[in-house]
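First up is the structure itself, then whatever we jot down about it.
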Number of protein chains: 2
Amino acid sequence: MDGTVTETERDYLAGYDPREFPIVLTTVDSVLFTYHEDRLKVLLVQRANHPQAGRWALPGGYIDQDRDATLEDTAHRVLASKTGVVPPYIEQLGSFGGAGRDPRGWSVTIAYTALIPFQACLTHIESVTDTQWFDVARLNELELGFDHEAIIDAGRERFRQKALYSLVPAHALQEPFSLADLRRVHELLIGMTLSRKSFIRRVEESGALIETGDEAPSGRGRPSKLYRRSPHLDDYRFIRNIGK
Amino acid sequence: MDGTVTETERDYLAGYDPREFPIVLTTVDSVLFTYHEDRLKVLLVQRANHPQAGRWALPGGYIDQDRDATLEDTAHRVLASKTGVVPPYIEQLGSFGGAGRDPRGWSVTIAYTALIPFQACLTHIESVTDTQWFDVARLNELELGFDHEAIIDAGRERFRQKALYSLVPAHALQEPFSLADLRRVHELLIGMTLSRKSFIRRVEESGALIETGDEAPSGRGRPSKLYRRSPHLDDYRFIRNIGK
DNA sequence: ACAATAGTGTCTGTTAGACAGTATCGA
DNA sequence: TCGATACTGTCTAACAGACACTATTGT
């Protein structure tokens with residue numbers, strides 16, 4: 001008699017031991033961006049443990065099988081532990097895996113990418129030394145761990161696309177914010193200047209932002225109108241890209 | 001003396017054993033679409049082993065740590081084993097993970113989505129009984145394994161977007177093909193009819209397709225011009241979406 | 001000749017970009 | 001008043017959609 005012919009799924013699961021199979025090291029890393037003082041910044045953490053101890057790398061870690069019900073839970077938990085809050089915008093970026101990217105063996109990281117206002121986690125980040133914002137334009141001065149530079153590039157490219165056809169980058173700003181600031185975030189992401197008029201028209205047409213009615217003095221010059229995010233912000237897609 | 005203070009990365013790796021940590025079951029699954037007889041089809045495989053033995057599910061499997069250097073290698077290997085060839089278009093779709101999606105425990109699948117001409121794997125698929133094309137409009141009649149229905153939906157949505165701003169769906173057609181056929185593929189993906197004129201204009205403007213110079217009789221009526229894919233097809237993006 | 005299918009010519013509406021103009025602040 | 005910044009009015013170019021028209025086949 002061949003036992004496998006009549007084996008039930010219950011029997012199979014009772015005898016299943018994952019340690020009998022080759023093990024893939026699986027982690028979740030996040031690329032968190034913000035905007036501060038006319039610069040795009042990305043959050044990095046200095047690694048305390050081997051491998052790559054001492055290097056700056058993306059905030060990430062193992063899945064906690066008891067606490068995390070989904071991959072997004074892991075990303076939320078890790079980011080909250082580094083910033084004090086869950087970012088207002090997060091999406092899955094992609095997975096990066098291979099035999100050589102981690103010296104411990106075949107590994108996969110599921111990467112998320114997120115946006116947060118600089119002020120939302122200012123005090124939390126100032127209270128520690130191992131977590132810092134870095135100017136994304138100066139990452140070449142740093143030697144990052146693993147393949148995290150490539151993952152950050154993928155995150156930038158994702159938000160570059162979003163800046164072309166959505167107003168999602170508004171999540172990088174503290175409310176209320178001016179359209180001048182938001183346009184600047186888009187310009188940094190896209191890598192070119194944008195027409196004021198075109199940008200304002202899109203904001204009005206979309207309904208993805210709400211005018212608060214207040215104004216803010218901008219140093220010298222006419223004060224700017226202030227806006228906040230509408231609940232539909234994340235869903236709105238322009239059918240045509242901005243930018244010449 | 002505290003050994004960890006002076007421990008080198010080499011020492012750490014020598015003592016590293018992945019079995020000491022909680023194990024996440026990691027697999028790669030692919031959503032392969034094609035077009036045949038005015039229908040969108042997706043490739044499914046009937047599961048031979050537990051869990052979910054007997055159910056139809058996405059082609060997928062474990063990473064072969066000796067053969068696969070990257071995640072895409074795994075997707076290629078599995079798809080080639082089911083169709084006889086590597087599909088001409090494949091991209092990473094996203095990762096689906098959680099505590100409850102596989103009865104064996106916490107699991108992650110890295111999903112790819114791909115396109116192939118129906119004829120490219122016709123003979124290979126006809127030679128086996130456990131691998132079949134299914135009409136994507138009739139998947140509700142099937143009880144799929146795991147969360148694979150949700151993954152297929154994500155793949156459809158990905159290609160729905162691509163159909164709005166690219167000509168990537170041309171990979172689902174055998175060369176040479178007519179614009180009528182390609183437009184039909186786009187219409188099925190988008191879920192609405194498209195203007196002939198708009199579609200032809202985009203093809204001409206993009207340079208992503210090359211006219212072969214031949215024609216094909218289409219039953220009755222004027223014969224249609226035939227096209228093949230240009231090498232730039234995958235890169236081209238329209239700045240504006242098609243469709244009202 | 002006719003139906004059926006493929007492709008074209010041309011008009012219109014929409015919207016991005018350009019640019020000049022107006023509005024409102026500080027100095 | 002002047003410079004600086006924010007916002008608006010309006011023209012133009014580009015392009016999608018509509019639709020009528022021509023082209024080419026089988027019956």
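Readers should treat all values here as calculations from the given coordinates under stated rules, not as data from a laboratory. Predicted model, so just to flag it, every value in this text is computed and none were measured. We place every Cβ from the backbone using ideal geometry, glycine too, and count neighbours over all the protein chains shown.
Summary table below
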{"item": "Modelled FRET efficiency - R0 41 Å, B:Lys244 with B:Tyr16, Cβ distances, 0.05 increments", "result": "0.10"}
{"item": "Cα long-axis angle, helix A:179-190 against chain A (0 to 90 degrees, to the nearest 10)", "result": "50"}
{"item": "Size-normalised alpha-carbon gyration radius of region B:122-213, reference 2.2 N^0.38 Å", "result": "1.28"}
{"item": "Nearby lysines by direct alpha-carbon distance to B:Lys82 (threshold 27 angstrom, same-chain neighbours under 8 apart not counted)", "result": "B:Lys41, B:Lys162"}
{"item": "Crossing angle, helix B:71-83 versus chain B [Cα axis fit, 0-90 degrees, rounded to tens]", "result": "60"}
{"item": "Student exercise, the protein assembly as shown dipole from Lys, Arg, Asp, Glu Cβ charges, in Debye to nearest 20", "result": "2800"}
{"item": "At 7 Å out from Cα toward Cβ: B:Pro22 inter-copy label distances (nm, ascending)", "result": "2.5"}
{"item": "B:Ala53-A:Arg67 pseudo-label distance in nm [points 7 Å out on the Cα-to-Cβ vector]", "result": "3.9"}
{"item": "Anchor B:Lys225: lysines whose Cα lies under 23 Å away (excluding residues fewer than 8 positions away in-chain)", "result": "B:Lys197"}
{"item": "Cα-based helix-to-principal-axis angle, B:148-165 vs chain B, degrees rounded to 10", "result": "50"}
{"item": "Candidates A:Ser81, A:Ser178, A:Ser218: whichever shows maximal mean-square fluctuation once chain A is modelled as a Gaussian network with Cα springs under 10 Å", "result": "A:Ser218"}
{"item": "Distribution of pairwise C-alpha distances over the protein assembly as shown, 10 Å bins, in %", "result": "3, 17, 24, 25, 18, 9, 2, 0, 0"}
{"item": "B:Lys225-A:Ser230 pseudo-label distance in nm [points 7 Å out on the Cα-to-Cβ vector]", "result": "4.3"}
{"item": "Value of relative contact order over region B:31-185, rounded to a whole percent, pairs C-alpha under 8 Å and six or more apart", "result": "30"}
{"item": "For chain A, built as a Gaussian network whose Cα springs stay under 10 Å, the top-fluctuating residue of A:Gly207, A:Gly60, A:Gly15", "result": "A:Gly15"}
{"item": "Top of A:His232, A:His186, A:His124 by mean-square fluctuation, Gaussian network on chain A, Cα under 10 Å", "result": "A:His232"}
{"item": "Position A:Tyr62, label points 7 Å along Cα→Cβ, spacing to each other copy in nm (shortest first, one decimal)", "result": "2.0"}
{"item": "Size of charge dipole - chain B - debye, nearest 20, with Cβ of Lys, Arg +1 and Asp, Glu -1, no other charges", "result": "1560"}
{"item": "Cα lying deepest toward the dipole's positive end in region A:168-229, options A:Ala172, A:Gly219, A:Gly207, charges on Cβ", "result": "A:Gly219"}
{"item": "DSSP-loop trypsin sites (Lys or Arg not before Pro) across region A:65-106, with at most 16 other Cβ within 10 angstrom", "result": "A:Arg67, A:Arg104"}
{"item": "Prolate/oblate/rounded call for region B:1-106, Cα gyration tensor, a/c under 1.5 rounded", "result": "prolate"}
{"item": "Angstrom value of the Kirkwood radius, inverse mean 1/r, which spans all Cα pairs in chain A", "result": "20.1"}
{"item": "222 nm mean residue ellipticity, helices alone, for chain B (DSSP H n ≥ 4; -39,500 (n - 2.57); rounded to 500)", "result": "-8500 deg cm²/dmol"}
{"item": "Region B:175-229: relative contact order as a whole-number percent, Cα under 8 Å and 6+ apart", "result": "45"}
{"item": "Label geometry 7 Å along the beta-carbon vector: B:Arg196 inter-copy distances in nm", "result": "4.8"}
{"item": "Shape of region B:175-229, Cα gyration tensor, a/c cut at 1.5", "result": "oblate"}
{"item": "DSSP-assigned coil residues among GluC sites (Glu not before Pro) in region A:81-169, each with at most 16 further Cβ atoms within 10 Å", "result": "A:Glu143"}
